[in-house]
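The values are calculated or read from the model by the stated rules, or taken from the named source; none is laboratory data. Small disclaimer: the values here were computed from a predicted structure and weren't measured. Here the Cβ positions follow ideal geometry from the backbone for every residue, glycine too, while neighbour counts run over all protein chains shown. Surface accessibility is based on the protein's heavy atoms, side chains included, excluding ligands, DNA and RNA. Shrake-Rupley method; radii C 1.70, N 1.55, O 1.52, S 1.80 Å.
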Amino acid sequence: MEKLIHLTLRVWRQPGPDRPGRFHDYPSGPVATSLSLLELLDLVNERLTLNGEEPIAFDHDCREGICGACGAMVDGLAHGPKSETTLCQLHLRDLADGGLVVIEPFRALAFPLIKDLVVDRSALDRIMAAGGYVSVDTGGAPEANVIPIPQSDADQALAAASCIGCGACVASCPHASAMLFVGGKVSQLACLPQGQPERARRVLAMVSAADREGFGACGNHRECEAACPKRLSLRHLARMNREYLSAR
Amino acid sequence: MAEPEAGQGRQMEGRARPVRLPFASTVFSQALMAASGAGLALFVLLHLLGNAAAYLGRAAFLAYARHLHGLGPLLPAMELCLLLLAATHVVTGTMLTLHNLQSRPLPYRVKAIRAASLSSRLMPLSGLVILLFLAVHVPAFRRPAGPSAELVRITLSRPGMATFYLLSLAALTSHLSHGLWSLFQTLGIVAPRYDQPLRRAAVIVSLLAGGVFMLLPLLALVWPDFLR
């Protein structure tokens, strides 16, 4: 027999960017602990729809922690209390029976609210568009061992590339800084030969794009690293700082 | 299709917010904070060695003061350097704090902390306390021939002043415990292998420094014959 628990969801409801928002409580009734929190929101939305009420708007897509679409603050923590997971991977078994679960949207100047728990994270796309790519023509695929890349560099580039762009770093940072996000891409491409020709231009353009969007400055609080579902290390941020200072 | 403009649709509950940018960029400003902070921290540690002379007794303290003021033109040059470092640190820090305050116009109703230390979150506040402290401390002890042992004893034996000193030194300890590690991260000069030891060292050094500094007002407060 599956374990059942009762929760009260306190969800931020806001009809639109220009309308005032407030918390609304939704008792879950008895629910199986194998449910994910997003599935519980689906359940609440079904009830709301049947009652003719507006369902809770929230972002989601793959629901297996790889796309970066979902994200909200659960009890004050980006993606909820479980570490190294996205919101969609948070299950009711990770929450206390009978508890109150406060769900709030990611908040930052650069993440304007669209509706309820949905925020506009396109600022991250614009940072990427400023330089988070390789545009030089690298020709056809060369013979595999022509360009030697140390294993440690390849490992670091791969770790940095694991960012899914969910925005949890920004949401959890006391300064709403996006520097772990920027640092991941800068570090990834700085580690690999393909990234070299645009190395200096890239870091300057991406940092200045992040500043333009209104993200805060990094104060090394380490909240981003702790909240990151892919556990991107602060070392990428240190490398970005190094890249930036040597590019100037 | 038109390219989306940077910062397009930056509205929070209907209000567009201007973004104040400190100097070239946030990363450059943070680097300025780290570099000037490193200089100031170096001075604090030198100052600490000087203060330690007071614990060896009146003669050692006066010998240290005489030696320091015997440096000639080197002393005003060092003072000017410190003033420039402090001005850079305070002005850049203020601009960064203003920038950061604007980055989340609507605070979270519920917010929990995963990793950030109390000292890291209190940096602007502890910095402000240290600035206020300097406004009292420098005029109190800056004398052409160095402070006399009597001036130190009389000033620090006043309970109000001693309390102010102890609170300010607690702020300095907190500021250093984050800053001494953070500056390496900001300047990008730390290997991950040394990250944990560096964080621990920063806390130990700042606690030691804070403790040695605090001993002076404590001794002056409870021991009438201190430096006699």
Q: Report, ordered by the first and then the second residue, all pairs with beta carbons closer than 7 Å, sequence separation of six or more or different chains, a first member in the stretch A:35-55 that is touching a residue at least 40 places away in the same chain (Cβ under 8 Å), and a second member that is among the small types (Gly, Ala, Ser).
A: A:37/A:80; A:40/A:28
Q: Inspect all residues belonging to the stretch A:188-203 and state whether any of them is open to solvent by 20 Å² or more (accessible area, probe 1.4 Å) and within 11 Å of another protein chain (Cβ to nearest Cβ).
A: no
Q) Which numbered condition trips up residue B:143, out of (1) within 27 Å of residue B:74 (Cα to Cα); (2) within 13 Å of another protein chain (Cβ to nearest Cβ); (3) without any contact (Cβ under 8 Å) to a residue 60 or more places away in the chain? A) (2)
Q: Only helices (runs of 4 or more DSSP H) wholly contained in the stretch A:121-214 count here; list those with 2 or more residues that are within 13 Å of residue A:240 (Cβ to Cβ) and among the basic types (Lys, Arg).
A: A:199-213
Q.
For the structure I just gave you, tell me whether residue A:32 is closer than 21 Å to residue A:170 by Cα, out of contact with any Pro (no Cβ under 7 Å at 6 or more places or on another chain) and hydrophobic (A, V, I, L, M, F, W, C).
A. no
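Residue A:104: acidic (Asp, Glu), away from chain B (no Cβ under 11 Å) and closer than 18 Å to residue A:170 by Cβ, yes or no? Step through it out loud before you land on a result.
Working: acidic (Asp, Glu): yes; away from chain B (no Cβ under 11 Å): no; closer than 18 Å to residue A:170 by Cβ: yes.
So residue A:104 does not fit the description; no.
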Q) Among the residues of the stretch A:231-242 satisfying the criterion of being part of a helix (DSSP H, G or I) and surrounded by fewer than 24 Cβ atoms within 10 Å (Cβ to Cβ), which is nearest to the other protein chains (Cβ to nearest Cβ)? A) A:242
Q | Subset tally (residues that are at the interface with chain B (Cβ under 8 Å from one of its Cβ atoms) and closer than 13 Å to residue A:179 by Cβ) for the stretch A:204-214 | A | 6
Q. If you check residue A:93 against the conditions, is it among the charged types (D, E, K, R), more than 17 Å from residue A:227 (Cβ to Cβ) and in contact with a Gly (Cβ under 7 Å, 6 or more places away or on another chain)?
A. no
Q: Scan the stretch B:94-117 for residues that are hydrophobic (A, V, I, L, M, F, W, C), surrounded by fewer than 16 Cβ atoms within 10 Å (Cβ to Cβ) and farther than 15 Å from residue A:172 by Cα and jot them down.
A: B:98
Q. With respect to the numbered conditions (1) surrounded by fewer than 24 Cβ atoms within 10 Å (Cβ to Cβ); (2) among the small types (Gly, Ala, Ser); (3) more than 13 Å from chain B (Cβ to nearest Cβ), which one is the sole condition not fulfilled by residue A:184?
A. (1)
Q. Does the stretch A:210-226 contain at least one residue that is over 27 Å from residue A:66 (Cβ atoms) and either over 21 Å from the mean Cα position of the chain (by Cα) or among the charged types (D, E, K, R) (or both)?
A. yes
**Q.** Residues that are in contact with a helix residue (DSSP H, G or I) (Cβ under 7 Å, 6 or more places away or on another chain), part of a loop (DSSP other than H, G, I, E, B) and more than 7 Å from chain B (Cβ to nearest Cβ), drawn from the stretch A:215-230
**A.** A:228, A:229
